[in-house]
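To start, the structure under review is shown below, and the notes come after it.
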Ligand SMILES: Cc1cc2nc3c(=O)[nH]c(=O)nc-3n(C[C@H](O)[C@H](O)[C@H](O)COP(=O)(O)OP(=O)(O)OC[C@H]3O[C@@H](n4cnc5c(N)ncnc54)[C@H](O)[C@@H]3O)c2cc1C
């Protein structure tokens with residue numbers, strides 16, 4: 001067993017990698033432990049042609065300031081492209097663009113008054129400065145009341161239901177406020193996908209003397225009598241001066257054997273859906289009106305979103321492939337997670353003809369299926385009361401995960417912002433003698 005007084009960072013997604021990078025820049029030696037064999041967590045990519053494509057559809061909003069700043073800091077700013085793609089909704093078999101005040105005014109399934117009212121309420125949510133005005137309400141009840149019954153039934157409820165299934169009536173309006181408030185019509189995407197950012201972070205971590213151990217699963221965490229934290233994985237056991245776990249809070253607490261029961265009762269909480277994504281490489285464009293993001297707001301489809309990535313980025317970047325994501329969030333024990341990939345693709349293909357009558361199965365060149373647990377926290381009204389403090393009763397075990405970014409929806413920007421904050425605190429509060437965060441170390 002090694003005895004070096006390092007900081008252990010569990011998880012090599014956005015939160016873990018940025019935390020490790022910041023801690024190293026503050027002079028603390030860091031080891032990152034990740035069960036996957038690639039960096040990037042939910043935002044990791046995979047090779048397509050001679051570039052990378054995200055396993056799950058990703059983009060940035062103009063409001064994602066911390067992510068944009070990090071990309072610049074890593075010298076990748078020139079690769080980040082800002083685009084204005086179309087976002088649409090599928091309603092009664094037709095696709096309607098719905099991503100700007102003008103498109104709301106043109107949304108013919110609603111009466112003119114209903115469109116005006118919906119537009120006014122969206123404008124109000126955009127300017128409302130804080131989630132605190134919405135905290136006691138569910139999104140379902142609030143939207144029905146203020147947007148009006150029809151706009152809610154046509155636009156909002158189907159999307160809530162598509163994302164959260166039977167849990168949709170419980171979702172907090174504070175979360176919905178943040179989604180509407182934070183989003184912009186301009187979207188940013190880096191050439192080569194977000195994997196480029198995570199690979200660059202990995203290089204920087206190595207350059208600063210950090211260690212990244214991939215393909216290693218954390219199986220146990222415990223406090224030693226001297227306050228150090230022992231982490232057991234499927235391959236090693238190591239004692240750390242401090243540990244930051246970026247795993248979902250519930251998972252970290254389940255792995256930690258020496259926590260007070262009271263803490264566990266309050267914070268071993270927080271449910272999430274898993275993400276399931278089929279990616280198709282097609283001969284031709286699927287959504288011919290150029291829609292990048294299509295919310296499937298009607299029953300009868302086996303997926304909730306169709307994201308035609310090459311209606312955002314040029315197909316030429318991917319050797320001419322037309323790339324389409326068909327996405328779902330589902331309970332982690334849902335049978336779809338166990339269904340063979342080929343069967344899922346075969347089941348999905350007939351539905352594409354409903355989106356484009358010319359579609360033929362022989363357009364399909366390649367397909368991939370990606371699955372991930374803990375991909376979408378179920379943000380109910382009780383959620384905020386169960387967000388664990390970053391510093392646990394084990395004084396050298398820290399928690400920060402996507403369960404801490406409330407009221408914001410998960411997003412790389414919020415993981416990066418949280419990493420910046422928590423790493424600064426950890427460095428400032430490092431046990432005496434462990435920190436080399438002395439003069440000259442940079443944040
Ligand atoms: C379908 C989908 C679409 C999305 N769209 C966007 C978008 O458009 N824009 C955007 O910014 N964000 C988007 N997100 C959210 C974004 O991916 C996440 O917010 C962000 O990647 C979270 O980073 P993280 O480091 O907090 O968590 P994660 O990426 O989940 O990182 C946690 C890491 O811990 C590892 N881990 C778990 N258990 C163990 C263990 N026992 N031992 C070792 N390692 C372990 C995991 O493998 C993972 O790498 C999307 C997510 C999904 C699923």
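The values are calculated or read from the model by the stated rules, or taken from the named source; none is laboratory data. This is a predicted model, so every value here is computed, not measured. We place every Cβ from the backbone using ideal geometry, glycine too, and count neighbours over all the protein chains shown.
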Worksheet item: Going through region 188-232 one residue at a time, which ones are under 19 Å from the mean Cα position of the chain (by Cα) and within 12 Å of the ligand (Cβ to nearest atom)?
Response: 188, 189, 190, 193, 194, 195, 197, 198, 201
Fill in: Sole exception among (1) within 28 Å of residue 52 (Cα to Cα); (2) in contact (Cβ under 8 Å) with a residue 60 or more places away in the chain; (3) not assigned by TED's automatic domain parsing to the domain that holds residue 415 for residue 297, by number
(1)
Item to complete: Go through region 353-373 and count every residue that is within 16 Å of the ligand (Cβ to nearest atom) and either surrounded by fewer than 17 Cβ atoms within 10 Å (Cβ to Cβ) or in the same structural domain as residue 48 (by TED's automatic domain parsing) (or both).
Response: 1
Item to complete: Output the residues belonging to region 1-55 that are near the ligand (Cβ under 9 Å from one of its atoms) and at positive phi.
Response: 11, 40, 41
Worksheet item: Only one of these conditions is not met by residue 85: (1) touching a helix residue (DSSP H, G or I) at 6+ places or on another chain (Cβ under 9 Å); (2) more than 17 Å from residue 183 (Cα to Cα). Which number is it?
Response: (2)
